[in-house]
Amino acid sequence: MNSHSQNLPTRISLLELAQSGKDHPAWEELLDYYRPFIRRILTHLGVPPSDLDDACQLTLMRLWRDLANYQHQPNRARFRTWLSRLIHNTAMDWHRGQRHKDKTISSESSQLEQTLMCESELEQQIEKEWRQHIVQLALERLKNVFSGDALDVFVRSVEGESAAEISRDLNIREESVYVLKHRVKKRLILESFELRRELEFPDSMP
């Protein structure tokens, strides 16, 4: 990621800048953030690894084309609802293209398309994946903030290891485990908030 986002005005997100169509660096940075997220959702929708690059590129092209016309009305439809439909429709088009290419209509592909068309849980899945994506991005940022064992302590704690186990394995005091975990958690919450401010519309945040 570049340093552009660190200098963004307080109330203007990358999403807003990209939507205006006037800031190409914002577009590039936004795509850097959203690309791995979109790939995860396409995988969830049945696109195989061998076709992920093409399907993701198609999704990003549609995002670039349609975002300028997206009307932000949080009381009626959240941005991620709109995005989920865009990704869903891209996945459907990909599956139809595969069927057309094979010139066959197998019961498996027909059933998969029907599943895609009826998937009422997609928006919830996207919200869940987005939260996880934000946390992963925040943890990446924290690699430049914390040195030593701090991040390792936090990750191990989240994964369920006890303070005693971490203390013994890393050869640090058990009290230090609690201190480091608290410091990282506090900064992670802050970084996650900042990322959401950069990547979402301002009033879409809780």
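The values are calculated or read from the model by the stated rules, or taken from the named source; none is laboratory data. What you see is a predicted model; the values in this text were computed from it and never measured. Cβ sites come from the backbone with ideal geometry, for glycine too, and all protein chains shown count toward neighbours. Areas reflect the complete protein model, heavy atoms only, side chains present, ligands, DNA and RNA absent. Shrake-Rupley method; radii C 1.70, N 1.55, O 1.52, S 1.80 Å.
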**OP:** Describe numerically, in nm with one decimal, the distance between label points set 7 Å from Cα along Cα→Cβ at E175 and at R85.
**Re:** 5.8 nm
**OP:** Can you work out the accessible area per residue across region 137-206, with the rest of the protein chains kept in place, probe 1.4 Å, in square angstrom?
**Re:** 62 Å²
**OP:** Give me the distance in nm between label points sitting 7 Å out from Cα along the Cα-to-Cβ direction at R96 and L31, one decimal.
**Re:** 2.5 nm
Original post:
How big is the shadow of the Cα convex hull of region 130-206, averaged over all directions, in nm²?
Top reply: 5.3 nm²
**OP:** Can you tell me the FRET efficiency between S147 and Q57 if r is taken as the Cβ-Cβ distance and R0 is 25 Å, rounded to the nearest 0.05?
**Re:** 0.10
Original post:
With labels modelled as points extended 7 Å from the Cα through the Cβ direction, what inter-label distance (nm, one decimal) is found for E121 paired with F193?
Top reply: 3.3 nm
